[in-house]
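Novice: Supplied in structure tokens, the structure appears directly below.
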Amino acid sequence: MSSGVESYLNALADGDRAVIEALRSIVLKGVPHAIETIKWNAPSFAVDGEDRITLGLDRKGGARLVLHRGAKPQAPMDLSHIDQGSLAKWPSADRGVVTFRNLEDIRARESDLTTLCATWISAAS
């Protein structure tokens, strides 16, 4: 874990930290070769130098996991095989957002989320 990630986590309230730690664990289980940094003021995961997954806390409570291909819009891609469980909302053809109400919501979807992260990385590479 980088010092930036450690500093980010240490600044969180206990409940928020537990939520982010659960999401980090899921991403790293699905994409063990991802490199984690703090980008856009949140834990972000890159593969082969390209940003692909970013986590975040919502101001009104809850959290999100964003599947993306960097900050700039990319060419559309076929999403039909990526999100078999319909976990994410897809505001564009290169960005998906999975939202969570709380830690229990994350834990209930852990297996499907792990698969989604792995599938996303494979498709977005």
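Novice: Considering only protein heavy atoms, what per residue accessible area in square angstrom results for the range 29-125 with a 1.4 angstrom probe?
Specialist: It amounts to 56 Å² per residue over the range 29-125.
Novice: What's the extension gain from LEU12 to SER111 if we count 0.36 nm per residue and subtract their Cα-Cα distance?
Specialist: 33.1 nm
Novice: Sticking with this one: Based on DSSP H runs of at least 4 residues, each adding -39500 (n - 2.57), what is the mean residue ellipticity at 222 nm of the chain after dividing by all its residues, to the nearest 500 deg cm²/dmol?
Specialist: Estimated from H runs of four or more residues: -11500 deg cm²/dmol.
Novice: Considering only protein heavy atoms and a probe of 1.4 Å, how much of the accessible area of the chain is carbon and sulfur, as a whole percent?
Specialist: Within the chain, the accessible surface is 49 percent carbon and sulfur.
Novice: What residues have an amide H closer than 5 Å to that of ILE53, excluding those fewer than 5 places away on the same chain, when H is modeled at 1.01 Å from N in the peptide plane?
Specialist: The answer is PHE45, HIS68.
Novice: I'd like to know which of ILE35, LEU23, ALA71 lies farthest towards the positive end of the charge dipole of the chain, counting +1 on Cβ of Lys and Arg and -1 on Cβ of Asp and Glu.
Specialist: Projecting each Cα onto the dipole axis, the largest value belongs to ALA71.
Novice: Something else about it: What's the extension gain from SER2 to LYS72 if we count 0.36 nm per residue and subtract their Cα-Cα distance?
Specialist: 22.7 nm
Novice: With a 1.4 Å probe and all protein chains in place, put SER25, SER122 in order of accessible area, largest first.
Specialist: I get SER122, SER25, largest accessible area first.
Novice: Next question, about the same structure. Using the Karplus curve 6.51 cos²θ - 1.76 cosθ + 1.60 with θ = phi - 60°, what ³J(HN,Hα) values do you get for each residue of the range 44-61, in whole Hz, with x for Gly and Pro?
Specialist: After applying 6.51 cos²θ - 1.76 cosθ + 1.60, I find 9, 10, 10, 10, 6, x, 10, 5, 9, 9, 10, 9, x, 9, 8, 4, 8, x Hz.
Novice: Once phi is turned into θ = phi - 60°, what whole-Hz ³J(HN,Hα) does the Karplus curve with 6.51, -1.76 and 1.60 give for every residue of the range 70-84, x standing for Gly and Pro?
Specialist: Result, ordered by residue: x, 6, 8, x, 10, 4, x, 10, 6, 9, 4, 9, 7, 10, 4 Hz.
Novice: Net charge around LEU55, counting only other residues with Cβ within less than 13 Å of its Cβ (Lys, Arg = +1; Asp, Glu = -1)?
Specialist: 0
Novice: Count charges around ALA46 for me, please; just the other residues with Cβ under 13 Å from its Cβ, Lys/Arg as +1, Asp/Glu as -1.
Specialist: Spelling it out: positives minus negatives among the neighbours equals -1.
The values are calculated or read from the model by the stated rules, or taken from the named source; none is laboratory data. Values in this document were obtained by computation on a predicted structure and should not be read as measured data. Cβ: placed from backbone, ideal geometry, glycine included. Neighbour counts: every protein chain shown. Keep in mind that these areas ignore ligands, DNA and RNA; they rest on the heavy atoms of the full protein, side chains included. Shrake-Rupley method; radii C 1.70, N 1.55, O 1.52, S 1.80 Å.
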